[in-house]
Amino acid sequence: MDRSDQQLVASYLKGDENSLKVLIKRYLKPIYNFVFRYIGSSQEAEDITQGVFVKAWRNLKKFDQNRSFKTWIFSIAKNSCIDFLKKKKTIPFSEFENKTGRNVLLETLVDNAPLPNQLFEQVNITKILTSAIEKLSPQYRMVLFLRYNDHFTFREIAEVLNEPLHTVKSRHRRALIQLKKLLIKL
Amino acid sequence: MRKDYEKLFTHLKPAEPSVGLFDRIVLAIQREKELRKTKRLLFGFLFLLVVSSIATPLSWTMLINQIESSGISYFVSTALSDFGTFLLLWKDFTLAILESLPLTGMMVFGISLGMAVFTLRLFLYRKRLLLGYLMQSFA
């Protein structure tokens, strides 16, 4: 029988090393997906995911076992992503310029807009949905993903995002309206 | 409605982490554990080093003072100079010597010496680990 997260944490704190591995296995994919959605790069998402689990392990003794482990680890992931993005933002774009003032990065940036023939090929639902979701704002996208992909309750989403419950609910409603509009357009 | 959206979201391909990520995480945690152990060992070592390097000379001075102020040196020198009398009255002599022993000073010195030996032994056994950690921290 599958042990609950709380049981696994308690068992690990009592000295059962294997419980931690079970917990990591259980949350590896959801956390990686969450981070990947936030960051958008697989290599960086892997590094951040690793950091999330190390941080969780470091603070496992402080973890309040009456709280949900799922929301706790997702909040660590969210904070790690925010920290990463903050650090990334501190690199000014002008640093990519060389001595002559040419911005190599700017010149090599790929135009992400799909070509007309590519748009024509986007007939299956996955592509349409992905495209619609990508057009949503990151906040809306996160709420929808947590709700429908990671099966979180509104209360859990509020806990992870550290936002009031009613804010999450209204954001969710607005996100659905926007998604519907985008899906109809596509 | 929730079910419909959940069904809709199953069409999205989840991003797959690389195969080695799980092992990398376990290894990183293992490394952190070792680092934590080394840090504790280093702090324990430094604490013992400071305490024993202060306590050993102090307790030695205290022991010498107590030996000088007690009558032990007088009894021992009498026993050595007049060995015949010592053998005759060995029970009284032994009792007198035992009574004049500076027990507190001996105990304090014994403990601090033991601590100093333990610290040295700890360093000799774990010098690679401790020095490695220190070098890594200051690099």
Subset of the range B:35-45 [within 13 Å of chain A (Cβ to nearest Cβ) and surrounded by fewer than 12 Cβ atoms within 10 Å (Cβ to Cβ)]: B:Arg36
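Here are A:Ser41, A:Ser19: which of them is of a type in the set (Gly, Ala, Ser) and closer than 14 Å to A:Ala56 by Cα? Walk me through it before giving the result.
Working: A:Ser41 fails: closer than 14 Å to A:Ala56 by Cα.
It is A:Ser19.
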Sole residue being within 12 Å of the chain's Cα centre (by Cα) and loosely packed, with under 15 Cβ neighbours inside 10 Å, chosen from B:Leu120, B:Leu95, B:Leu89: B:Leu120
Residues located in the range A:8-52, provided they are more than 10 Å from every other protein chain (Cβ to nearest Cβ), among the aromatic types (Phe, Trp, Tyr) and more than 18 Å from A:Ser68 (Cβ to Cβ): A:Tyr38
The listed residue being more than 10 Å from every other protein chain (Cβ to nearest Cβ), farther than 30 Å from A:Asp150 by Cα, in contact with a helix residue (DSSP H, G or I) (Cβ under 8 Å, 6 or more places away or on another chain) and not polar (S, T, N, Q), out of B:Leu103, B:Leu95, B:Leu49, B:Leu89: B:Leu49
Pair list, Cβ under 9 Å, 6 or more apart: the range A:1-18 residue assigned by TED's automatic domain parsing to the domain that holds A:Asn66 and free of Cβ contacts under 8 Å to residues at least 40 places away in the same chain, other residue assigned to a helix (DSSP H, G or I) and exposed (fewer than 14 other Cβ atoms within 10 Å of the Cβ): A:Ser11/A:Asn18
Matching residues, the range B:3-32, being more than 7 Å from every other protein chain (Cβ to nearest Cβ) and either assigned to a loop (DSSP other than H, G, I, E, B) or touching a Lys or Arg at 6+ places or on another chain (Cβ under 8 Å) (or both): B:Thr10, B:Glu16, B:Val19, B:Gly20
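The values are calculated or read from the model by the stated rules, or taken from the named source; none is laboratory data. The model shown is predicted, which means the values in this text are computed figures rather than measured ones. As a convention, Cβ positions derive from the backbone with ideal geometry for all residues, glycine included, and neighbour counts pool all protein chains shown.
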